[in-house]
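One structure below.
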Amino acid sequence: MSDGTNRAKIMQKFEGFLESLKNYSMTTSTGDKTAEVQNLVSNMAYTCYRWLTYQFDLDNGAVDEKLAEQQHEFLNDINSIAKDLAGEELLDRPEDFVCDTVGFISQLFAYNYSAMPNKEGNTPTREEALEKYREYEKYAMDSAPIQAMLTHLGGEQSTIDSYMEMRVQHHSTSATVLRTLLIDYAMDWDWVERAGDNWGPQYQDASVYLFFFHCNSGWTADAIKWVLLSAFTYNIRSSEKERKDTLLFLFDLVDKMISHGERVMRSDKKLVGQELLDKVRGIPKMDPWLLSVQCGYTMGEDEDGETLADVEGFRKAYLAEVDKLKDPKQTLKEHEESQSLRKPPVVNIKLSDEMRNDKFLKELSEESIEVIEHFGSEAPALLNKYSCAVEDALIEQVNRANDLSKKVAELEERLKDQPESPE
């Protein structure tokens, strides 16, 4: 697709989106289901950040009855959109989509407002900015629209909390990098150029995290683009850039970063063994093509320059490693090879009649005396140590078997119901 065609399509989406903001019901009237979901996702993300901006002003002394009334309308729209999206089949992995979206929104909001000058016009110190950042992040996450979105799309609260804790660094890094790039563009600054080599790793990390979000749900990138446009509209009001041009910039920027993150994550060799399993565990659930490519299972490129994935090669190698995890003898074998689980050495001594008449030995059974003669005078200590080691090994084996059962189920789930060969 040419840049001109791509830009025309983006501008068409932009015009349709702005029109839909005037009347929410228009977002559900289209016959194109994909465009409808994209419109809902964009509308919800854009309006949520807009709501946060206005509510922050109202909570900090702004008096505007019309604006306050509008807030109720915005919140009703967000509730309606989230409710509609909750039952939408095209919204793959809605819980990941909404967690990544609200995580990005809360982090972007916190970074934007924690950097603002105080009432006296003074720039906050690093410590003050960090304290405000934490306060504003919580303000955003506890807000009515974000809680409504999580309620409709996020699932169980414990699952939400666990996911958000795992991804907080991803949300934070992607938000601060994209915020910097947006401000540089909007204000014609050159901070990124002046940052030099220090900027590269941050940009690369953010690109990888955006790639993760995109893998979790293909709609998250759309939401992020519109959140950024909302931040441009309501936070960077002194910019002379047009919103249409800014949207084109944001679409290109996010798409390029996702593509860059995908390339960074690719292995330059075919992974096998533990490396293969660690790689798969370390990336979000994705389709066989992406899994294959990320693990180095490729077959060159097609005539359009797209990478061809060796899905069958990846599947066989992956399942072979999963099968190895099912061997319950592995733990016991490892212990047998260690010093702690080696049987006490046999000494085969013969106790004399004089020793047998010793007061202590005389009270022992014939079987106990045979053990001493077989393993030596340290038999009780050696056998006790050995029995404890056996018990520990068996307990560990049971625990490992239970843990591996869960891991095998998780690993096999990644290939469940997937096609046997690339389309």
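The values are calculated or read from the model by the stated rules, or taken from the named source; none is laboratory data. Fair warning: this is a prediction, and the values are worked out from it, not measured in the lab. Positions of Cβ are generated from backbone atoms using ideal geometry, with glycine treated the same way; all protein chains shown enter the neighbour counts.
Laid out as a table, the results:
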read-out	value
Asp287 vs. criteria touching a residue at least 40 places away in the same chain (Cβ under 8 Å), among the acidic types (Asp, Glu), within 22 Å of Met166 (Cα to Cα) and not assigned by TED's automatic domain parsing to the domain that holds Ala115	yes
Filter result (within 24 Å of the chain's Cα centre (by Cα), surrounded by fewer than 20 Cβ atoms within 10 Å (Cβ to Cβ) and among the aliphatic types (A, V, I, L, M)) within the range 222-267	Leu253, Val264, Met265
Filter pass, Gln70 being part of a helix (DSSP H, G or I), surrounded by 15 or more Cβ atoms within 10 Å (Cβ to Cβ) and of a type outside the set (A, V, I, L, M, F, W, C)	no
Candidates Asp222, Asp188, Asp184, Asp278 - the one that is among the charged types (D, E, K, R) and within 30 Å of Leu153 (Cβ to Cβ)	Asp222
Looking only at the range 82-114, and only at residues there that are of a type in the set (D, E, K, R) and within 12 Å of the chain's Cα centre (by Cα), the one that is surrounded by the fewest Cβ atoms within 10 Å (Cβ to Cβ)	Glu95
